[in-house]
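Down below is the structure, laid out as structure tokens.
What follows draws every value from the coordinates through simple rules; no lab data is involved. Owing to the predicted nature of the structure, the values given are computational and were not obtained by experimental measurement. Methodologically, a virtual Cβ is constructed for each residue, glycine included, from the backbone with ideal geometry; neighbour enumeration extends over all protein chains shown.
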Amino acid sequence: MKPVYIMVGGFLGAGKTSTISRLARHYMGQGKKVGIVTNDQTTDLVDTQSLRSQGFDVGEVAGSCFCCNFNALTSTVEHLGEGQLPDVILAEPVGSCTDLVATVIRPLTEVYGVPLDIAPYGVILKPSHGLRILRSESTSGFSPKANYIFRKQIEEADFVVINRVDEMTPSEVTELQSLIESEYPGRPVLRCSAKTGDGFTALIETLEQRGQFGRRVMEVDYDIYAAGEAELGWLNSQVVVESTQDFDLDAFLMDLIQRLHARLLSSSAEAAHLKVIGLCDGSFAVANLVSNATGPELSLASNSSTLSANVVVNARVATDPAELELLVREELAAAAAVIGISQKVISLQSFRPGRPVPTHRIM
């Protein structure tokens with residue numbers, strides 16, 4: 001049988017990694033070999049560290065998006081598993097990317113040359129920004145150019161998943177579904193929670209369908225697309241924290257992300273996604289912030305005390321990268337100082353994404 005290729009799209013902070021983690025466990029529970037491919041504009045990706053820490057086979061395409069480095073995507077897929085492709089390949093593209101049907105799915109079927117069973121392309125919708133963007137509110141947190149990317153992601157989807165329904169009121173879920181169905185008719189809308197598993201049966205059943213899927217190629221204004229991506233400051237950093245006495249890893253991560261959140265609020269810089277992972281002695285914890293309005297959460301707890309930890313910070317924020325780097329460095333130092341631990345930045349990259357130039361684009 002051909003390996004099944006499942007790509008899970010959606011905007012930054014939509015819940016793609018949590019969804020992929022739950023999907024991977026489902027397919028592994030069926031006795032299938034599963035490989036995961038993550039993607040980022042640079043190295044030190046929290047998602048990769050988190051998924052590997054959960055025991056998954058993960059390959060990473062770093063330095064550019066799937067569409068702009070198609071050969072790296074296929075090469076990474078081929079190196080998953082032990083000498084043969086996994087039964088199920090789960091791929092998570094960069095959250096600021098769109099036009100993935102024309103630049104990834106179509107080339108996989110028409111250029112790659114290795115037979116794959118391509119699943120319907122689902123896009124996870126992020127409620128915290130989705131409601132404001134689809135209502136066309138001026139206070140969406142992003143510019144119209146960044147909102148353009150969000151809307152284009154929905155336009156090319158075979159189906160849309162409203163995630164985080166456990167965090168929404170029934171009326172908000174109903175309104176969001178109505179907005180999607182009104183503006184993008186013909187796309188099934190699923191309601192789901194990657195955290196609780198609610199709605200996952202419907203998601204699995206949808207991914208098992210076959211037919212006229214992965215064909216919603218669309219016109220994309222790459223000038224607007226590039227400008228929308230470039231409005232986001234991008235930061236990835238790896239830090240080592242150490243102490244002479246045990247410290248609570250979960251508490252440290254939450255203090256750090258709360259400090260970062262406060263700084264973003266004070267400077268009116270909207271967070272697209274801010275996430276931090278701490279790894280120590282076989283344990284790990286993840287804290288994240290998906291919008292300024294919703295606030296931080298500890299999405300995965302380690303319940304660990306430790307003398308040292310490797311901390312990876314990923315920030316995608318509507319602000320200047322230099323300003324983003326400054327506030328991350330300052331709040332890292334402050335969070336470490338308050339509990340008397342040392343912190344050393346091992347690597348840090350801050351930048352604006354460059355213009356997307358797809359390897360292939362098949363209309």
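Between region 36-53 and region 250-294, what's the alpha-carbon centroid distance in Å? Cα centres, region 36-53 to region 250-294: 17 Å.
Of the residues Thr294, Thr48, Thr103, the one that moves most in a GNM of the chain with alpha-carbon contacts below 10 Å is Thr294. Charge tally around Gln349: other residues with Cβ under 12 Å, Lys/Arg +1 each, Asp/Glu -1 each, net -2. Taking the Cα centre of each part, how many Å lie between region 75-106 and region 180-231? Value for the Cα centre distance between the two parts: 16 Å. In the chain, Cα pairs under 8 Å separated by at least six residues give a relative contact order of 21 percent. For the chain, a crude dipole built from +1 on the beta carbon of Lys and Arg and -1 on the beta carbon of Asp and Glu, taken about the Cα centre, is about 520 debye to the nearest 20. With contacts taken as Cα pairs under 8 Å and at least 6 residues apart, region 232-351 reaches a relative contact order of 44 percent. Per residue, the Cα convex hull of region 29-123 amounts to 112 Å³.
Simple rule: put +1 on each Lys or Arg Cβ and -1 on each Asp or Glu Cβ in the chain, find the dipole, and look at Asn288, Ala91, Pro321; the Cα lying farthest toward the positive end is Ala91. Among the listed pairs Lys145/Lys344; Lys32/Lys195; Lys126/Lys275; Lys16/Lys152; Lys145/Lys275, those whose Cα-Cα separation exceeds 26 Å are Lys145/Lys344.
For region 179-287, applying the loop criterion from DSSP together with a ceiling of 10 other beta carbons within 10 Å to the GluC sites (Glu not before Pro) yields Glu208, Glu219. For region 103-210, the relative contact order comes to 29 percent (Cα pairs under 8 Å, sequence separation of at least 6). Suppose every Lys and Arg Cβ carries +1 and every Asp and Glu Cβ carries -1, with no other charges. What dipole size does region 232-351 come out with about its Cα centre, to the nearest 20 debye? About 200 debye.
Footprinting exposure proxy ranking of Val111, Val317, Val220, Val8, fewest other C-beta atoms within 10 angstrom first, gives Val111, Val220, Val8, Val317. Comparing Pro321, Pro185, Pro353 in a Gaussian network model of the chain where C-alpha atoms under 10 Å apart are linked, the largest mean-square fluctuation is found at Pro185. For the chain, a Gaussian network of Cα nodes joined below 10 Å ranks Tyr225, Tyr121, Tyr184 by mean-square fluctuation, and the top entry is Tyr184. Around the Cα centre of region 27-139, unit charges on the Cβ atoms of Lys, Arg, Asp and Glu (plus for the first two, minus for the last two) sum to a dipole of about 380 debye.
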